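The values are calculated or read from the model by the stated rules, or taken from the named source; none is laboratory data. Everything numeric in this text was worked out from a predicted model, so none of it was measured. Cβ coordinates were reconstructed from backbone atoms using ideal geometry, including for glycine residues, and neighbour counts include every protein chain displayed. These accessible areas exclude ligands, DNA and RNA; they are computed on the full protein's heavy atoms, side chains included. Shrake-Rupley method; radii C 1.70, N 1.55, O 1.52, S 1.80 Å.
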Amino acid sequence: MAHTTTVQQETEALLAKIAALHDLFLKNHDTERAHKAKQLAEKYAVGEFAVAFCGHFSAGKSSMINRLIGERILPSSPIPTSANLVKIKSGKEQAKVFLKNGEVLLFPAPYDFERIKSYCKNGDEIYTVEISHRMDHLPSHAVIMDTPGIDSTDDAHRIATESALHLADIVFYVMDYNHVQSEVNLMFLQSIQSMKIPFYIIINQIDKHNETELTFTSFETSVKQTFDEWGLSPEAIYYSSMKDPTVKHNQFDEIKQKIDSLFREERIQRLDSAVRNIMDSH
């Protein structure tokens, strides 16, 4: 009983702190940080645990999310069409588009995702797209976040992804087999690490690997060496292929098991560091 009371008191104290920060940000005309504080409070109050997928836009991020949840919810396209965050969770089938002016557009099922995407081409007006879908294997508190693809030619997408990371408790960063040493990827991973967000790396499209040119063991060694040189400490490194599930070294099943276990385990929301990051950026 005493433990329950302590947890409740800590929760109330933390929510009061976020509310005070929200008011402070508004007083200083920082509407962006005020909105983030509000999002954090709402997330904490309902107990959401969010796993975010980030990565280069052509790395196969959306295809992987579709495969993980067992539904083709996200459109798979090699062209980045939106600078917006998409949240997927289990629940009543519908889609919501949250506008920056406070308006919420509701699309009951069946809805046309292409139509929803048409609302989301202007990242200056849209905060978030939230898709609810009946998924028995996804717990009610679980949220999967699909962030805008990191693209070296489009800073808006990188900035949009960075601005959503305060909601992420865990990050899975998806890389293209051929772009592991991309500075865009590595610098972004450094920013995730500096925010103290636990992150996993998925090197996708390993069906491109040619064992006669380079052994897979040598490739793994070079990957680890690159991350060491950049001072990166991922929780784990996985290798996968959406194109050929039978390809050697494919660890897609292990990735799915890891995500399932993260949602089942006792949830530790990354709230304190998220609040500190918002304060620092303010």
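A few remarks follow.
- Put simply, of GLN193, GLN225, GLN257 the only residue that is closer than 22 Å to ILE65 by Cα, in a helix (DSSP H, G or I), polar (S, T, N, Q) and at pLDDT 90 or above is GLN257.
- Some residue of segment 143-159 being among the hydroxyl-bearing types (Ser, Thr, Tyr), open to solvent by 10 Å² or more (accessible area, probe 1.4 Å) and at pLDDT 85 or above: no
- Residue satisfying all of: in segment 8-62; of a type in the set (Val, Ile, Thr) and open to solvent by less than 60 Å² (accessible area, probe 1.4 Å); nearest to MET242 (Cα to Cα) among these: VAL51
- Inside segment 199-216, residues that are in contact with a Gly (Cβ under 7 Å, 6 or more places away or on another chain) and over 22 Å from MET145 (Cβ atoms) make up a count of 0.
- Residues of segment 207-219 that are open to solvent by less than 70 Å² (accessible area, probe 1.4 Å) and touching a residue at least 12 places away in the same chain (Cβ under 8 Å): ASP207, HIS209, PHE216.
- Segment 193-205: number of residues that are under 30 Å from ASP244 (Cα atoms) and crowded, with 19+ Cβ neighbours inside 10 Å: 7
- The residues of segment 189-239 that are basic (Lys, Arg) and more than 28 Å from GLU162 (Cα to Cα) amount to a single one, LYS208.
- As for segment 104-113, it holds at least one residue that is closer than 24 Å to GLY55 by Cα and either of a type outside the set (Val, Ile, Thr) or modelled with pLDDT of 80 or more (or both).
For every residue, the table says whether it meets (1) in contact with a Ser or Thr (Cβ under 9 Å, 6 or more places away or on another chain); (2) open to solvent by 20 Å² or more (accessible area, probe 1.4 Å); (3) not polar (S, T, N, Q).
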| site | (1), (2), (3) |
| --- | --- |
| VAL223 | no, no, yes |
| PHE227 | yes, no, yes |
| ILE237 | no, yes, yes |
| MET242 | yes, yes, yes |
| GLN251 | yes, yes, no |
| ASP260 | no, yes, yes |
| ARG270 | no, yes, yes |
